[in-house]
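Some notes on the structure that comes next.
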Protein chains: 2
Amino acid sequence: MLVPDTYAANCPTRLVLDRIADKWAVLVLALLAQGPLRFNALRRRIEGVSQKMLSQTLKGLERDGLVRRTAFPTVPVTVEYAITPLGATLAERVELLRDWAEQHIAAVQAAQARYDQAA
Amino acid sequence: MLVPDTYAANCPTRLVLDRIADKWAVLVLALLAQGPLRFNALRRRIEGVSQKMLSQTLKGLERDGLVRRTAFPTVPVTVEYAITPLGATLAERVELLRDWAEQHIAAVQAAQARYDQAA
DNA sequence: CCGGAGTGGTATCCAATGGAAACCAGATGC
DNA sequence: GCATCTGGTTTCCATTGGATACCACTCCGG
């Protein structure tokens, strides 16, 4: 395999794909790109996310170096999540997907209606 | 809600996000962007995909108008999947994510190693 | 002084999802 | 005659995701 093959299971880019192919991670990244937020602030902004998934998602993003977690020893403890420079470069690309969604959502919904009609 | 809010559960862009947040769909789209392929050709190119998931994924992409399915009445039946113009515009954006992955995979893996070391 | 709420999570349970494998019909190759 | 190819569907089981409860701690209102 001289040329890296994204479609091979062992290709490292598949690992990154797994991260992008995580609905909650994408939403968190897009939000943090606009500025740091605390745990419960994120939870309130992202409708439908459970505490478990948010906690899990943030842990994953931190591990990948896309998000930085900072805990302040206040009472009660305050935890702030901020995007890293690396994460910001990814968020840029993700933003392009959001733009695509907004531009083409009508076309997709029309296609779905046509498909369901035929069935 | 005057400004559309991607983070609201009922926002239609969340539907598109769900499609993008599908590992197999992204891989299929990226492959078909290079040219039409038959079912088993896709299966062989995408390492690790099961027949069930490939069939399911293709059905979804067809429903969304991103992929066109054509069956030829040969024996045995030949089915060809091709990307649509709409799908091509999305594949473009997805390609940018793949580029990001290739460029920054080393940084991500380094971050993971650091994180796991600390734990 | 006694709830109730807010902090950032973890633990537990159950439904839904994903993957592995078998099976299908029909024809072709050996 | 048996395996193999076509493009799937069906069945079963492991993993995952979501809902809910709970944790320790403190502040605030009554």
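The values are calculated or read from the model by the stated rules, or taken from the named source; none is laboratory data. None of these values were measured; they are calculated from a predicted model. Quick reminder, even Gly has a Cβ in these numbers, built from the backbone with ideal geometry, and neighbours come from all protein chains shown.
Restricting attention to the stretch A:32-46, the residues that are modelled with pLDDT under 95 and touching a Lys or Arg at 6+ places or on another chain (Cβ under 9 Å) add up to 0.
Selection of the stretch B:69-98 for residues being surrounded by 12 or more Cβ atoms within 10 Å (Cβ to Cβ), within 13 Å of chain A (Cβ to nearest Cβ), over 20 Å from B:Asp18 (Cβ atoms) and over 13 Å from the mean Cα position of the chain (by Cα) yields only B:Arg69. So B:Thr89 clears everything in (1) more than 9 Å from DNA strand D (Cβ to nearest atom); (2) of a type in the set (Ser, Thr, Tyr); (3) not in a helix (DSSP H, G or I) except one condition, right? Which one? (3) is the only condition that B:Thr89 fails. Scan the stretch B:57-69 and give yes if some residue there is assigned to a loop (DSSP other than H, G, I, E, B) and touching a Ser or Thr at 6+ places or on another chain (Cβ under 7 Å), otherwise no. Checked against the condition, which is being assigned to a loop (DSSP other than H, G, I, E, B) and touching a Ser or Thr at 6+ places or on another chain (Cβ under 7 Å), the stretch B:57-69 yields at least one hit.
In this entry, A:Val26 passes the filter for residues that are buried (at least 20 other Cβ atoms within 10 Å of the Cβ), more than 15 Å from B:Ile105 (Cα to Cα), facing chain B (nearest Cβ under 8 Å) and among the aliphatic types (A, V, I, L, M).
Just to be sure, is B:Ala9 within 12 Å of chain A (Cβ to nearest Cβ), over 16 Å from the mean Cα position of the chain (by Cα) and either surrounded by fewer than 19 Cβ atoms within 10 Å (Cβ to Cβ) or closer than 30 Å to A:Leu86 by Cβ (or both)? Yes, satisfied.
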